[in-house]
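Read the structure below first, then the notes.
The values are calculated or read from the model by the stated rules, or taken from the named source; none is laboratory data. Bear in mind that the values here come from a model prediction, so they are computed numbers and not experimental data. Please note: Cβ atoms are built from the backbone with ideal geometry, for glycine as well, and neighbour counts cover all protein chains shown.
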Amino acid sequence: MTTPDDPLEPGTPGSARFRTREAAVLRTEALIAPAPALGLCVFDGPNDPEPGIELRDGRVVAIDGVREQDWDVVDAFIAAHGIDPVAAGEAAALDDLEIARRLVDVDTLRDDLVRLGRGLTPARLARIVGLLDPVELMFAMKKLRARRAPANQAHVTNRKENPALLAADAAEAGLRGFAEVETTVGVARYAPLNAIAILVGAQTGRPGVLTQCAVEERRNLQLAIQGLVTYAETLSVYGTESVFVDGDDTPWSKAFLASAYASRGVKIRFTSGGGSEALMGGAEGKSILYLEARCLAVIRAAGSQGVQNGSVSCVALVLSLPGGTREILAENVLAAWLDLEVASGNDAIASQSPIRKTGKLMGQFLPGTDFVTSGYSAMPRYDNMFSGGNYDADDYDEWLTLQRDWQVDAGIEPVGEQDLLAVRLRAARAVQAVFARLGFPPVSDEEVELAAGCKDSRDLPDRDRAADVLAGDRVLAEGISGADVALALEAAGFRDIAEAILAMQRQRVSADYLQTSAILAADGGVVSAVNDPNVYTGPGTGYRLEGARWELLQQLPHVQSAADFAARPAEGPPATADARIAGLGESPREVVIAVGPAFGAALRETIGGLEHGAVVQAVIDGITEAGAQPRVVRVRRTSDVAFIGHDGARLSGSGIAVGIQSKGTTVIHRVDLQPLDVLELFGQAPLLTLDSYRAIGRNAGGYAVGERVGPVPTVLDNYARNKHIVRTTLLHARETAEVVPDAPAVELLPG
């Protein structure tokens with residue numbers, strides 16, 4: 001007979017363990033051998049050019065082996081706008097290894113590296129970062145990050161495009177500390193309503209959260225002009241001319257569009273990502289990292305303050321190749337080196353394997369990036385309209401615990417359930433009021449209440465989609481603006497949210513958040529690489545999670561105090577009472593039950609929740625059934641179960657004893673054995689039942705009367721240590737506190 005853990009029929013050749021691993025979720029993911037001709041190699045593609053640059057009269061005339069007359073649009077744009085001739089001369093005097101060493105040298109300042117990077121061609125940038133191993137890449141990222149403290153961006157969508165749920169999820173994201181919130185749509189005409197919903201929700205959660213709606217550029221820019229969004233990152237660039245021209249016009253058109261956003265006071269990031277050229281069939285036999293270096297050089301040359309990169313939606317393709325995770329981190333390091341704000345991916349599903357996707361995350365999580373994810377799914381995966389998220393609302397506790405484990409700030413804060421319910425409800429009511437004031441299809445009270453506490457959009461009623469898209473059309477046709485939304489909130493009594501939205505309109509006029517790596521604090525102040533730069537020069541410098549921020553990130557809702565975790569408070573009279581000092585037993589059929597110093601007194605139950613009196617009675621019953629005579633003593637000089645049992649055996653007339661710690665760990669011992677050499681050990685106390693203790697007593701009695709005894713069967717739980725080690729430690733500490741050194745054992749009587 002076979003089981004899921006042993007899928008081979010008896011006698012079938014092969015390994016059942018191999019078959020089990022073949023059925024694991026990891027095996028559903030493709031791992032492929034490099035195919036350089038298709039661009040499926042992460043470093044050193046067969047057509048990657050040899051790095052080089054030629055200057056004439058202060059002008060670039062050849063770049064990476066290609067002369068001016070043979071340049072494609074990418075080369076031409078980089079040569080014209082992306083190379084500093086002075087820095088190029090300085091860089092030419094240094095070899096690759098020297099520059100690579102400077103990237104990880106604490107005595108080389110970031111500013112010096114950024115200046116040097118302006119003189120490097122894409123091929124040389126890629127070759128230099130390719131010299132760094134994963135730990136060195138993380139070190140370089142910690143040093144090169146533009147803004148001092150990391151932050152995070154959230155995705156907020158739902159399948160029903162329900163405005164109350166969008167607002168509630170955006171509010172929760174704001175309260176959890178996300179600096180930016182992005183939405184998208186299933187139907188393009190919903191974009192204005194979705195933009196309004198997350199604008200209202202995000203400002204309810206925390207004033208100053210930047211928002212965007214990821215739709216077609218013309219529509220996104222129109223929403224920005226109307227003050228309904230405050231940033232954009234949908235400007236894609238590519239590393240080969242064929243893909244660039246087919247996919248997104250030219251570098252010049254992208255630079256013009258970026259300027260159009262910036263001129264309206266809208267923060268802009270470009271988007272690139274390793275693997276996109278291979279995915280679109282235009283990699284030209286060049287490596288993923290080299291092509292991404294070209295993209296980043298274009299982005300810097302276009303004057304963007306930042307980039308969303310790190311493979312992004314192509315992540316699974318890059319991870320299919322050897323070194324893929326390292327290449328993704330190298331992309332992020334390149335972007336930081338070029339003085340760009342880095343939104344470092346970790347948004348699209350990288351792997352179904354929890355181990356593998358977390359391994360990928362650590363490259364950005366530990367050193368920190370400007371945005372550790374460029375879209376943490378703030379709702380359950382079911383409602384993610386960005387094709388699923390690498391991490392979602394169900395993973396908050398894991399993310400928060402990782403921050404606590406490593407003492408690093410990855411941009412998400414713990415929040416209690418009642419605080420979340422309150423802010424979600426208020427955001428849903430606020431967007432309900434906006435819809436009512438603007439004459440949009442009503443948001444019902446039922447939708448508001450459900451949005452505050454539901455799991456996902458399946459819990460909400462369907463809306464009239466035809467009516468909603470007509471309302472979205474009205475927003476564009478009538479030019480309904482962020483100021484109109486603020487006025488509607490003011491009229492409905494949501495003055496603080498109205499003021500926060502009006503403050504975002506003022507920010508668009510001042511445009512201070514167009515600085516590199518800029519985010520807004522809750523008080524409206526800009527935090528950026530200009531006024532809060534990352535200055536890392538070795539241990540003790542740069543951003544370190546400490547002080548009030550560290551105290552905040554430790555306050556997870558499920559954290560308990562040691563006192564509360566150890567045991568229930570002792571109530572009522574003790575289950576046992578000490579009597580006279582215990583002497584040596586005389587009966588050869590006697591079995592001593594030796595319990596720990598806190599048993600039945602300071603502690604009243606085992607780690608498995610069994611009452612101590614019931615445990616002792618079960619052991620007594622088993623000893624009696626075997627024809628032996630029980631006697632109960634308390635060992636006071638030690639809390640070690642082996643020594644408790646051995647002390648009991650030295651007092652036993654038969655030389656046999658059962659030793660029991662207060663937390664329930666038990667041994668059967670014999671007087672002629674060494675203290676740590678027991679007859680039977682029952683170490684997984686949480687799994688022991690009263691029947692287990694009765695069987696232990698029966699075996700101990702059998703040893704005493706000279707019967708042939710088979711060991712009590714043990715039950716194993718491979719996760720028992722993980723689940724119970726903290727409480728085990730605290731219970732044992734409480735037991736140890738009751739130890740009286742050198743004190744003799746005493747007889748124990750029922751309480």
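Some points to look at:
- The lone exception for P150 - which of (1) within 21 Å of the chain's Cα centre (by Cα); (2) surrounded by fewer than 24 Cβ atoms within 10 Å (Cβ to Cβ) it fails: (2)
- Note on segment 520-534: residues that are charged (D, E, K, R) and closer than 21 Å to G205 by Cα amount to 1.
- Test for T240: is it under 29 Å from R426 (Cα atoms) and modelled with pLDDT of 95 or more: no
- For segment 49-62, a residue qualifies if it is of a type outside the set (A, V, I, L, M) and in contact with a Leu (Cβ under 9 Å, 6 or more places away or on another chain), and exactly one does: P51.
- Residues of segment 728-746 satisfying the condition of being surrounded by fewer than 12 Cβ atoms within 10 Å (Cβ to Cβ) and in a loop (DSSP other than H, G, I, E, B): V740, P741, D742
- In the set V667, V641, V671, V635, only one residue is over 26 Å from R727 (Cα atoms) and in the same structural domain as A720 (by TED's automatic domain parsing); that residue is V671.
- Helices (runs of 4 or more DSSP H) enclosed by segment 54-105 - at least 1 residues per element that are among the hydroxyl-bearing types (S, T, Y) and crowded, with 19+ Cβ neighbours inside 10 Å: none
- Test: residue in segment 156-176 that is over 20 Å from the mean Cα position of the chain (by Cα), at pLDDT below 95 and among the small types (G, A, S): no
- Residue in segment 471-479 that is closer than 24 Å to S344 by Cβ, in a helix (DSSP H, G or I), in the same structural domain as R495 (by TED's automatic domain parsing) and β-branched (V, I, T) present: no
- Within segment 250-277, the only residue that satisfies the criterion of being part of a helix (DSSP H, G or I) and in contact with a Cys (Cβ under 8 Å, 6 or more places away or on another chain) is S276.
- The one condition in (1) among the small types (G, A, S); (2) modelled with pLDDT of 95 or more; (3) at negative phi that G608 fails to fulfil: (2)
- All positions within segment 21-53 that are part of a loop (DSSP other than H, G, I, E, B) and of a type in the set (S, T, N, Q): N47
- Long-range neighbours under 6 Å by Cβ, at least six apart or interchain, first residue in the same structural domain as L166 (by TED's automatic domain parsing) within segment 439-459, second surrounded by fewer than 22 Cβ atoms within 10 Å (Cβ to Cβ) and hydroxyl-bearing (S, T, Y): D456/Y382
- Check on A614, modelled with pLDDT of 95 or more, touching a Phe, Trp or Tyr at 6+ places or on another chain (Cβ under 6 Å) and surrounded by fewer than 24 Cβ atoms within 10 Å (Cβ to Cβ): no
- Residues in segment 14-29 that are β-branched (V, I, T) and surrounded by 14 or more Cβ atoms within 10 Å (Cβ to Cβ): 1 in all.
- Number of positions in segment 581-599 that are in a loop (DSSP other than H, G, I, E, B) and surrounded by fewer than 17 Cβ atoms within 10 Å (Cβ to Cβ): 5
The rows are residues; the columns are (1) modelled with pLDDT of 95 or more; (2) touching a Cys at 6+ places or on another chain (Cβ under 9 Å); (3) among the hydrophobic types (A, V, I, L, M, F, W, C).
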position	(1), (2), (3)
A503	yes, no, yes
Q507	no, no, no
A511	no, no, yes
S517	yes, no, no
V527	yes, no, yes
L552	yes, no, yes
A577	no, no, yes
V591	yes, no, yes
V595	yes, no, yes
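- Tabulated pairs, segment 665-682, first free of Cβ contacts under 8 Å to residues at least 40 places away in the same chain and buried (at least 19 other Cβ atoms within 10 Å of the Cβ), second part of a strand (DSSP E or B) and among the polar types (S, T, N, Q), C-beta under 6 angstrom, 6+ apart or interchain: F682/T666
- Restricting attention to segment 30-53 and to residues that are crowded, with 19+ Cβ neighbours inside 10 Å and over 30 Å from S353 (Cβ atoms), the residue that is farthest from the chain's Cα centre (by Cα) turns out to be I53.
- Residue identified as out of contact with any strand residue (DSSP E or B) (no Cβ under 7 Å at 6 or more places or on another chain) and closer than 30 Å to G482 by Cβ among A293, A260: A260
- Among the strands (runs of 3 or more DSSP E) confined to segment 600-707, the ones with at least 2 residues that are farther than 21 Å from L748 by Cα are located at 680-682.
- Note on segment 334-359: among residues that are in contact (Cβ under 8 Å) with a residue 40 or more places away in the chain, crowded, with 24+ Cβ neighbours inside 10 Å and not aliphatic (A, V, I, L, M), the one that is farthest from N390 (Cα to Cα) is W337.
- Failed item in (1) surrounded by fewer than 24 Cβ atoms within 10 Å (Cβ to Cβ); (2) within 27 Å of P367 (Cβ to Cβ); (3) out of contact with any Cys (no Cβ under 9 Å at 6 or more places or on another chain), with V315 passing the rest: (1)
- Leading residue by the ranking (surrounded by the most Cβ atoms within 10 Å (Cβ to Cβ)) among those in segment 696-727 that are among the β-branched types (V, I, T) and within 28 Å of the chain's Cα centre (by Cα): V726
- Filter result for G482 (farther than 20 Å from L199 by Cβ, in contact (Cβ under 8 Å) with a residue 12 or more places away in the chain and of a type in the set (G, A, S)): no
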